[in-house]
Amino acid sequence: QLFQVVTPEGKITVFGTAFDVLLEDGVTIVTVQRGEVQAENADGFRRVRHGQRIRFASNGAISPPEEVDAARSCAWIHGIQADREAYG
């Protein structure tokens, strides 16, 4: 099932994946650890695949995907645990 993450700079459509979204001073940074996402705004869209990162800014610019160590960039995610009491 698809879902979207909406930021002030645009939206990210998720296709069964593990990814990170960082909002920093008018820039959204999307890093994909597994699978792929589509990042888009009024100026266009980019597909971001495993091991890539893109940046898009409030001025509309979307960077080309760049290769990154996605496991390292997303390592902080592994410390997050679901609150079992939150699920009824």
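Some notes on this structure:
- Accessible surface of the range 13-81, 1.4 Å probe, proportion on carbon and sulfur as whole %: 50
- Excluding ligands, DNA and RNA, the accessible surface per residue across the chain is 66 Å² with a 1.4 Å probe.
- Spacing of the two label points (7 Å from each Cα toward its C-beta) at ASP25 and ASP43, in nm: 1.8
The values are calculated or read from the model by the stated rules, or taken from the named source; none is laboratory data. Quick caveat, the model's predicted, so the values are computed rather than measured. A quick note on method: Cβ atoms are made from the backbone with ideal geometry, for glycine too, and the neighbour counts reach across all protein chains shown. For accessibility, only protein heavy atoms count, side chains too; no ligands or nucleic acids. Shrake-Rupley method; radii C 1.70, N 1.55, O 1.52, S 1.80 Å.
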